[in-house]
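Engineer: What follows is a structure written as structure tokens; I'll ask about it next.
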Amino acid sequence: MRVIKPRTQFEGEFTLPGDKSVTHRALMLNAVSRGEAIVTNALTGEDSLSTARCMRELGAKIEQDGTTFRVVGRQELLSEKTLDCGNSATTMRLLTGLLSGKGVKAKLYGDKSLSSRPMARVAEPLSLLGAKIKTSSGKPPVELFPVNLIGVDVRLEISSAQVKSAVLLAGVSAEGETRVSEPIKSRDHTERMLKNMGADLRVEGNTVTVKKSSLNAVDVEVPADISSATYFMALGALKGKTLCKNVGVNATRTGILRAFDKLGVKYSLLNRRICSGEDIADILVEKSNLKGIELDGADVPSMIDELPLIALLCAFADGESHIRGAQELKIKESDRISATAELINGLGGACIPTEDGFIIQGKKTLLGGEVNSRFDHRIAMTGAVALLASKNGGVIHGAESCAVSFPNFFENLEV
Ligand code: S3P
């Protein structure tokens, strides 16, 4: 349990931890590439350490010194392994794709939360390439059996970067050409990194085509994670002024900024540049009067992990907000539709959970009280912002779950 006192003012400059999605990919892909690579500013949260652990188990050499990892690639992985993916669906889904093409017999399992998450969404498209995958009624553990894959056309019905990446990572080892398309473009870090590593890959709109390729290790300087920066950006908008440094602003991740435009949040991107194939900027956010917004399914993929926090900002806005087309939130680390509505209502706000999102009556303020994180890192961090910005503050149960994606979250908040 962690006590959070309310703050009338919140100002400062923040350097947030490395991007979780980019760190997973930098460790996983370099571990199966030719040569060695240095990954700097990597996230050292529990999720990325799960990926590092699995890749070491598979025979890659990965040394860690703080946020720097030295990865020595190994193209032939060890052939029979049982791998613990912890809480990390990204580790499990991406590995399912990668290992199906690598001739590895493996069993992937995870913690209680991961054990309840859907894996048929990767097993089914991969089986189109010929992969032999067994799940427990669509859930972990996931068992993989060695086969040779053949490239095909895969059309995904949902936009999911994890599923798209699983198909692409299998496609790199499949004979011929593998094509994957999705309804709305999801985060594209896998495509960018595979291309930097020499894969024969092309992107046309929402379709990515990859041919059988061998990969060369590349150094990666990981940008700060916009999903972690979001909490500090929100505190700037609610309580003062914040500057988040070196944040990844890849357009497939910046839905939060489009939500800010609608909410009326004052922000600017400074010092824009490119780093390891990703767009980076410093993000300055200032105290703003927020108004109610509408978001729909087309907005969702680029802000999927930020939606609990966006719903919270709607509770601090003037007017009603509708968030639709976000049913994917129900199958994250917790049911984030129900957890977010419970959080807002528990602190004195008014949020109706719907089948695919929220209806939020903005009251410009929250009283405070108790937050149940449901051991979901994004709910715990959204709760911390809510309590800091509330009238009376309160407590978070399960606050330690932040360590999944943001190990020093509370130290950064100075609470
Ligand atoms: C991720 C993709 C998203 C996101 C998750 C990380 C990734 O999941 O919610 O935190 O790194 O590919 P989905 O692919 O399920 O949308």
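The values are calculated or read from the model by the stated rules, or taken from the named source; none is laboratory data. Note that this is a predicted model, so its numbers are computed, not measured. Positions of Cβ are generated from backbone atoms using ideal geometry, with glycine treated the same way; all protein chains shown enter the neighbour counts. Remember, those area values only see protein heavy atoms, side chains included, never the ligands or the DNA or RNA. Shrake-Rupley method; radii C 1.70, N 1.55, O 1.52, S 1.80 Å.
Engineer: Would you point out which residue out of 80, 46 is open to solvent by 10 Å² or more (accessible area, probe 1.4 Å), within 16 Å of the ligand (Cβ to nearest atom) and out of contact with any Leu (no Cβ under 7 Å at 6 or more places or on another chain)? Spell out how you get there, then give the answer.
Structural biologist: On the way: 80 fails: within 16 Å of the ligand (Cβ to nearest atom).
Answer to the check: 46.
Engineer: Go through the range 233-287 and give me each residue that's free of Cβ contacts under 8 Å to residues at least 24 places away in the same chain, closer than 23 Å to residue 39 by Cβ and of a type in the set (A, V, I, L, M).
Structural biologist: Across the range 233-287, the qualifying residue is only 274.
Engineer: Go through (1) among the aliphatic types (A, V, I, L, M); (2) under 30 Å from residue 414 (Cα atoms); (3) open to solvent by 10 Å² or more (accessible area, probe 1.4 Å) for residue 38 and report which single condition fails.
Structural biologist: Failed condition: (2).
Engineer: While we're on this one: Which pairs turn up if I take residues in the range 156-184 that are closer than 23 Å to residue 51 by Cβ and look for partners that are basic (Lys, Arg) and in a helix (DSSP H, G or I) with beta carbon separation below 6 Å, at least 6 apart in sequence or on another chain?
Structural biologist: 162/93; 163/121; 166/93; 180/164; 182/164
Engineer: Keeping to the range 356-415, report how many residues are among the β-branched types (Val, Ile, Thr) and within 20 Å of the chain's Cα centre (by Cα).
Structural biologist: So the count comes out to 4.
Engineer: State all residues of the range 142-160 that are closer than 11 Å to residue 96 by Cα and open to solvent by 30 Å² or more (accessible area, probe 1.4 Å); if no residue qualifies, say none. Even if it seems obvious, please write down each step before you answer.
Structural biologist: Residues of the range 142-160 that are closer than 11 Å to residue 96 by Cα, as a first pass: 142-145.
Hits for the range 142-160 are 143, 145.
Engineer: Residue under question is residue 102, and the condition is that it be open to solvent by 30 Å² or more (accessible area, probe 1.4 Å), under 21 Å from residue 32 (Cα atoms) and not β-branched (Val, Ile, Thr); does it hold?
Structural biologist: For residue 102, the condition - open to solvent by 30 Å² or more (accessible area, probe 1.4 Å), under 21 Å from residue 32 (Cα atoms) and not β-branched (Val, Ile, Thr) - is met.
Engineer: Wholly within the range 299-406, which strands (runs of 3 or more DSSP E) include no fewer than the required count, namely at least 2 residues that are under 20 Å from residue 2 (Cβ atoms) and open to solvent by less than 40 Å² (accessible area, probe 1.4 Å)?
Structural biologist: On the way: elements: 318-323, 350-354, 357-363, 369-372, 394-397.
Because the criterion is at least 2 residues that are under 20 Å from residue 2 (Cβ atoms) and open to solvent by less than 40 Å² (accessible area, probe 1.4 Å), the strands (runs of 3 or more DSSP E) in the range 299-406 that meet it are 369-372, 394-397.
Engineer: Name the residues in the range 1-31 that are assigned to a helix (DSSP H, G or I) and within 14 Å of the ligand (Cβ to nearest atom), would you?
Structural biologist: 20, 21, 22, 23, 24, 25, 26, 27, 28, 29
Engineer: Now for a separate question. Just one of the numbered conditions (1) within 16 Å of the ligand (Cβ to nearest atom); (2) open to solvent by 40 Å² or more (accessible area, probe 1.4 Å) is not true of residue 87; which one?
Structural biologist: Going through (1) within 16 Å of the ligand (Cβ to nearest atom); (2) open to solvent by 40 Å² or more (accessible area, probe 1.4 Å) one by one, residue 87 breaks only (2).
Engineer: From 333, 370, grab the single residue that is free of Cβ contacts under 8 Å to residues at least 40 places away in the same chain, within 26 Å of residue 114 (Cα to Cα) and not assigned by TED's automatic domain parsing to the domain that holds residue 48. Show your work before the answer.
Structural biologist: Numbers: 333 fails: free of Cβ contacts under 8 Å to residues at least 40 places away in the same chain.
Just a single option satisfies the conditions, and that option is 370.
Engineer: From 186, 227, 165, grab the single residue that is modelled with pLDDT of 95 or more, crowded, with 18+ Cβ neighbours inside 10 Å and assigned by TED's automatic domain parsing to the domain that holds residue 268.
Structural biologist: Within the list 186, 227, 165, the selection yields 227.
Engineer: Among (1) within 18 Å of residue 228 (Cβ to Cβ); (2) at pLDDT 95 or above; (3) open to solvent by less than 10 Å² (accessible area, probe 1.4 Å), where does residue 410 come up short?
Structural biologist: The number of the failed condition is (3).
Engineer: From (1) open to solvent by 20 Å² or more (accessible area, probe 1.4 Å); (2) on the phi < 0 side of the Ramachandran plot, pick out the condition that doesn't hold for residue 137.
Structural biologist: Among (1) open to solvent by 20 Å² or more (accessible area, probe 1.4 Å); (2) on the phi < 0 side of the Ramachandran plot, residue 137 violates only (2).
Engineer: Does the range 119-131 include one or more residues that are modelled with pLDDT of 95 or more and of a type in the set (S, T, N, Q)?
Structural biologist: From the range 119-131, those modelled with pLDDT of 95 or more are 119-131; that's our starting set.
Then drop every residue that is not of a type in the set (S, T, N, Q), which leaves 127.
Yes, some residue in the range 119-131 is modelled with pLDDT of 95 or more and of a type in the set (S, T, N, Q).
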